[in-house]
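For reference, the structure is listed below as structure tokens.
The values are calculated or read from the model by the stated rules, or taken from the named source; none is laboratory data. Just so you know, these numbers come straight off a predicted model, no measurement behind them. Here the Cβ positions follow ideal geometry from the backbone for every residue, glycine too, while neighbour counts run over all protein chains shown. Quick note on the areas: whole protein, heavy atoms, side chains included, nothing else; ligands and nucleic acids left out. Shrake-Rupley method; radii C 1.70, N 1.55, O 1.52, S 1.80 Å.
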2 protein chains.
Amino acid sequence: MSTDQLSRTFAALADPTRRDLVARLTLGDATLGELAGSYEMSLQAVSKHLTVLERAGLITRGQAGARRPVHLEAAMLEPLTDWLERYRRQAEQRFQRLDAVLAELAADEAYPDTARRNPEEEQ
Amino acid sequence: MSTDQLSRTFAALADPTRRDLVARLTLGDATLGELAGSYEMSLQAVSKHLTVLERAGLITRGQAGARRPVHLEAAMLEPLTDWLERYRRQAEQRFQRLDAVLAELAADEAYPDTARRNPEEEQ
DNA sequence: GCAGTATTCAACCGTATGGTTGACAACTAC
DNA sequence: GTAGTTGTCAACCATACGGTTGAATACTGC
């Protein structure tokens, strides 16, 4: 798993326990002990999951004495949606261009004298 | 890395090479050979990355003889944006509710006789 | 059929991941 | 201070991941 920010964040969400932690934290901050109660694994394992989320920037841990409330940094989800939307849109646009090409080919079929343009390869 | 669909898809995108492959494929289908030329790793390694993307449903491989054109299934990006948007929005709403609570506390400060409601814990 | 090209399969290697347990540290409260 | 609670650190283990190389398979074109 590579070390750049986007990779770390995608990787952090590639685990159902960590996604559940994020979902849980949208309802409000919580301590490790509170969170760990919901899972059938050791408290230390949950703490490791939180460390992964922290290194991805998705959470921060407060320092309120012995209790360290975990806080979700939901803004860090945006780069992911940005990336996903960018390429989904780009693929969609290409699909529309392909539709146009096919329509043009159909037109060529109907009027065979029309010049044919190269249908593949964009910048 | 757990085996559910969402986990597989997030995990598939948690690698810069695979994200680059997805980006590349938004421009059009390509064969393994064409794709592998762009990376400083063996053709077999790129093929493994494609297998990961395939198991996540993000690509399909055609069967046109010896050449097997790789096709992006951009629609499979949607469940990810859905998940991200859902929780980003949920966190945002909570933040707005928190703002409301703080405003209310400020009002209580100004008019101390107003009854105080429990500011924490939602469903 | 044969030569060449495109892709996959298999074995292997180093490192990262997700989990465990046990010991330690830090803070709270009496 | 001493106890108790909360969280972290460290060592360890099994398995998965990302890469390599070498061999095998599948198709094309003569």
Fill in: Two-site label geometry, B:GLN96 and A:ASP82: point separation in nm, points 7 Å out along Cα→Cβ
2.3
Fill in: B versus A: buried accessible surface, summed, Å² (probe 1.4 Å, to nearest 100)
3000
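Just in the range A:1-82: which GluC sites (Glu not before Pro) are loop by DSSP and have at most 13 other Cβ atoms within 10 Å? Working shown, then result.
Values: sites: A:GLU34, A:GLU40, A:GLU54, A:GLU73; in loops: A:GLU40, A:GLU73.
Taking the range A:1-82 and a limit of 13 other Cβ atoms within 10 Å, the loop GluC sites (Glu not before Pro) found are A:GLU40.
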Discussion item. With the crude spin-label approximation of a point 7 Å out along Cα→Cβ, what separation in nm comes out for B:ARG24 versus A:ASP4?
Written reply: 1.4
Worksheet item: Where Lys and Arg each count +1 and Asp and Glu each count -1, what net charge lies around A:THR60 among other residues with Cβ under 11 Å from its Cβ?
Response: -1
Worksheet item: When only the heavy atoms of the protein chains count and the probe is 1.4 Å, how do A:LEU27, B:LEU25 rank by accessible area, highest first?
Response: A:LEU27, B:LEU25
Worksheet item: A:ILE59's amide H: which non-local residues (gap 5+, or another chain) put their own amide H closer than 5 Å, with H modeled 1.01 Å from N in plane and none for Pro or chain starts?
Response: A:GLU54, A:GLU73
